[in-house]
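Chemist: Structure below; questions to follow.
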Amino acid sequence: MISQFFILSSKGDPLIYKDFRGDSGGRDVAELFYRKLTGLPGDESPVVMHHDDRHFIHIRHSGLYLVATTSENISPFSLLELLSRLATLLGDYCGSLGEATISRNVALVYELLDEVLDYGYVQTTSTEVLRNFIQTEAVVSKPFSLFDLSSVGLFGAETQQSKVAPSSAASRPVLSSRSDQSQKNEVFLDVVERLSVLIASNGSLLKVDVQGEIRLKSFLPSGSEMRIGLTEEFCVGKSELRGYGPGIRVDEVSFHSSVYLDEFESHRILRLQPPQGELTVMRYQLSDDLPSPLPFRLFPSVQWDRGSGRLQVYLKLRCDLPPKSQALNVRLHLPLPRGVVSLSQELSSPEQKAELGEGALHWDLPRVQGGSQLSGLFQMDVPGLPGPPGQGPSASAPLGLAFRPCGNANPHKWVRHLSHSDAYVIRI
Amino acid sequence: MPYLGSEDVVKELKKALCNPHIQADRLRYRSVIQRVIRMSKLDQWGQAEVLNFLLRYQPRSEEELFDILNLLDSFLKSSSPGVVMGATKLFLILAKKFPHVQTDVLMQVKGPLLAACSSESRELCFAALCHVRQILHSLPGHFSSHYKKFFCSYSEPHYIKLQKVEVLCELVNDENVQQVLEELRGYCTDVSADFAQAAILAIGGIARTYTDQCMQILTELLGLRQEHITTVVVQTFRDLAWLCPQCTEAVCQALPGCEENIQDSEGKQALIWLLGVHGKRIPNAPYVLEDFIENVKSETFPAVKMELLTAVLRLFLSRPAECQDMLGRLLHYCIEEEKDMAVRDRGLFYYRLLLAGISEAKQILCSPESDPSLRLLEDQAERPVNSWALDFNTLVPVYGKARWATIAKCQGVEHHGPELPNTAAFPTSGSLIPEENKERVQELPDSGALMLIPNHQLTAECFEKTWLSLKVAHQQVFPWQGAVHPDTLQMALQVVNIQTIAMSRAGTQPWKAYLSAQDDTGCLFLTELLLEPANLQMQISVKQSEARTETLKSFISVLETVIGTIGDIKS
């Protein structure tokens, strides 16, 4: 199994190092890993590397490298799953996973590692079992309190204190002090969708893929039962039909092993007894057949005057979301041929920004309201370069943010709908 | 020890799986296995461990096998990818005699694998893609309808895009070839040169089956006049001209004009080779080569110079009038002024060849222009599932077979088990022994005194008569494990010119075989192979028609090598 486990910062500084088997031979394994990672040739994958009869497997999470080494030929899926689970667990205990939080909670991390892995074998990663063994408490940067909200005004004027929680509300440590448990009866439910879209240059839709997850972050004492109801018209697979309308359809669905599905068939209710911490309740996939129109449409026009080397690009972006939602942090990335020199721009609203990045034009739109249309005209000088520009712009945008509460006082439930685009490519 | 539920279960499990006597007690063994499988209180790590342990179990009957598979079915639908892959591997190994069960399992695991390929975690995505490629080696049509999932997106890291391009190249079929080619064509103009080159090579790979469409795309790409694109396209053309002679015409038409855009060694070599071999169809070939010759003094790559020598000589043999002068200049430069000895030697060789006569030069240099049979040999590379089933869900597919071989060599002999190509089940069409094993069998000690003649035929009656009249010259026992596969053995023996007179069917006990061979002096070697019911030893008895100890020893060593190879394969 695992010989060593260590966490490096994004620059390669070791934050945590744990040797389970003592077979490192006296070498600085972390240093070895980082050097190998940075020196790797471009076409080799860094996920699994080999050096000196030792395999290094790592994942990148929040800018940190979580690395495990092994000398046996074990399953990559199990190992990657273990690393992800460790990342989630550390996040649960420390609030969030980052260089700062790890450095503040080193003792807690080592204690966790001791309990999770014994001589390199996985004992358990369930928060239930671990609760009984972990004594150290997490150190947070500043204590969180819901009373801080009154000064925060999100999404416009009408914010009542109990209605909206800032997006960092869920990021405090789950399993910290046992004394003030009364404050913490809250549940955060995130429906996160990743949208992957490819539109050809003639406007036809080549590929659309939605990967969705329902994530639950529970601060409730474990053992309490929870029921999550999905809309009755939720259908799985192409042939199933429920309700009277087109319904909400997904292609495939998979559930966490602790979810009881007995009421799912009849009433679309998921019953579970979640442990404290983060849990992915359900995963679903949908491709090629979206029930609602795509959120963005782009109407480009490109004029290139080869003689003077002047490239003029006019982009009109139309947002087809329902008017109440909005898209935040939309960024359009338009790859350009090499040698683009200068940029002059005319944008339709003052809070947008455009600049030349490496080999591409970045157009930032902090907020796009549903149903609106924005345009930008860009002129660039491209001195004498043959060849057309490559692929068209790609937009990356988290869309439709609304942090809506539902249910009454105790326990608090917060539901959030987040879709963000994995790769939204429109070809010119 | 991984946490498997309780001490008793762990004890029972250990006992059952390590103790051959318990294994012999069928009922007890089975109940332990079932209890282990039914442990629903295990978390995903325990389940993965259990599935790993069960790999060592060999079910004794078909119904027991299907019993176990039924019990394990639920693991295939687990939400943990480690458990799903572990269960898949177990199914593939347990059902190694039932290819339709294996195909079924691979169908079931399609969903989870595709989900993993589009997962948020890049690393999981990569591991899943490597396994998809592994599966495509045996079932090329498996993912063809899901080709869209393998389209690359701009934000993915380079190594994932490369894997996806490889997968796209391998899952092409008649229905999706149009869209896949269009997508790949889009990648060819990508900003990243490496990725564009990989896409072009993929199109070259598809071109072996769908030549016309790919040739069109490749020719269009040449029109872009971009250096990194042109060099790879010309290299692809060279490979295609060799493998698919029908596209030579199109290649020749597309070539003129490329030479301005190629600066790197590989590209130049490919272009020069094409001009040399197919020069008679390209009108301005001599002029292009002349350009190269003018600049040969400033040429930095010796490989290019060597290629140039060969190409100019070839072209001279087909178009002498135009090339005579420049060939002379080139040879003069290479022999008199060139500092690289390899190039100079080649120049000298060609000069002396020409002195020997034009017809001799033609005989040596005018090789065939293409070899389509090579393509057919490569296409036969569809390997049976059993050859890689043991490697599934391990690090082997993630590294790739080539890298794993180098790693295994570094790690030493102890780790040899799963890395040897596992060819326990040959495809029933009876194709050749895979290359690696053939080499091992042929690496026989050069016995010097022993030359077994091929096509030696001895009738059964003759064999029997001779057998009964001779006395046993040599007897030996050989350690053996498991059953014999007669077809494998027969083919292996045929490679070394040993004829099989008679062989029992697989599984009969005791298992016997009678072999005969004759060396060039006419001395006959008759052999009997006997495998006892205990299946742990194979007894070899050899009778020789003329008493010659040296040749006998050589023959024994040949036989040992063959049997050793076959025995190794199965262990």
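Where a number appears in this text, it was derived from the coordinates with a stated rule and is not lab data. No experiment lies behind these values; they were computed from the predicted model shown. Note that each Cβ is placed from the backbone with ideal geometry, even for glycine, and that neighbours are counted across all protein chains shown.
Chemist: Among the listed pairs B:LYS339/B:LYS362; B:LYS161/B:LYS401; B:LYS89/B:LYS401; B:LYS471/B:LYS512, which are separated by more than 26 Å between their Cα atoms?
Modeler: Working: B:LYS339/B:LYS362 28 Å; B:LYS161/B:LYS401 19 Å; B:LYS89/B:LYS401 18 Å; B:LYS471/B:LYS512 18 Å.
Pairs exceeding 26 Å: B:LYS339/B:LYS362.
Chemist: Kirkwood hydrodynamic radius, computed over distinct alpha-carbon pairs, for segment B:170-304: how many Å, to one decimal? Before the final figure, lay out the partial values.
Modeler: Details: mean 1/r = 0.0657 Å⁻¹.
Kirkwood hydrodynamic radius for segment B:170-304: 15.2 Å.
Chemist: Per-residue Cβ counts within 10 Å, from other chains only, averaged over B:394-406: what number is that?
Modeler: Values: counts 6, 11, 2, 1, 7, 8, 2, 0, 0, 3, 2, 0, 1.
Mean partner-chain Cβ count within 10 Å for B:394-406: 3.
Chemist: Over the alpha-carbon set of segment B:98-182, divide Rg by the Kirkwood Rh and report the Rg/Rh ratio to two decimals. Don't skip to the end; give the middle numbers.
Modeler: Details: Rg = 12.7 Å, Rh = 13.1 Å.
Using Cα coordinates only, the ratio equals 0.96.
Chemist: Now for a different question. Quick one: 3J(HN,Hα) in Hz for segment B:127-136, Karplus 6.51/-1.76/1.60 with θ = phi - 60°, rounded, Gly and Pro as x.
Modeler: Calculated HN-Hα couplings, in order: 4, 5, 4, 4, 6, 4, 4, 4, 5, 5 Hz.
Chemist: While we're on this one: How would you order B:151-161, B:360-370 from highest to lowest mean count of nearby Cβ atoms within 10 Å? Each step should come with its number before you reach the end.
Modeler: Numbers: B:151-161: 18.8, B:360-370: 13.0.
Highest-to-lowest ranking by the protection proxy: B:151-161, B:360-370.
Chemist: Which one, B:GLY111, B:SER144, B:GLN134, projects farthest toward the positive side of the charge dipole computed for segment B:97-154 from Cβ point charges (K/R +1, D/E -1)?
Modeler: B:SER144
Chemist: Sorted from fewest to most neighbouring beta carbons within 10 Å, what does the list A:GLU81, B:GLU259 look like? Don't jump to the answer; show the numbers that get you there.
Modeler: Details: A:GLU81 24, B:GLU259 20.
Least to most surrounded, the residues fall as B:GLU259, A:GLU81.
Chemist: Follow-up question, since we're still on this one. Just list whichever of A:LYS316/A:LYS353; B:LYS97/B:LYS543; B:LYS280/B:LYS305 have alpha carbons separated by over 25 Å in the model shown. Numbers along the way, then the final one.
Modeler: Numbers: A:LYS316/A:LYS353 15 Å; B:LYS97/B:LYS543 37 Å; B:LYS280/B:LYS305 21 Å.
Pairs exceeding the cut-off: B:LYS97/B:LYS543.
Chemist: Could you give the Stokes-Einstein D for segment B:230-313 in µm² per second, using the C-alpha Kirkwood radius, 10 °C, 1.306 mPa s?
Modeler: On the way: Rh = 12.6 Å.
Roughly 126 µm²/s, to the nearest whole number.
Chemist: Report D for segment B:63-115 in µm² per second (integer): Stokes-Einstein, Kirkwood Rh on Cα pairs, 20 °C, 1.002 mPa s. Walk me through the numbers before you get to the answer.
Modeler: Values: Rh = 11.0 Å.
Taking Rh from Cα pairs, D becomes 195 µm²/s.
Chemist: Please list 3J(HN,Hα) in residue order for segment B:111-125, calculated via the Karplus relation 6.51 cos²θ - 1.76 cosθ + 1.60 where θ = phi - 60°; whole Hz, with x for glycine and proline.
Modeler: x, x, 5, 5, 4, 5, 5, 10, 6, 5, 7, 4, 5, 5, 4
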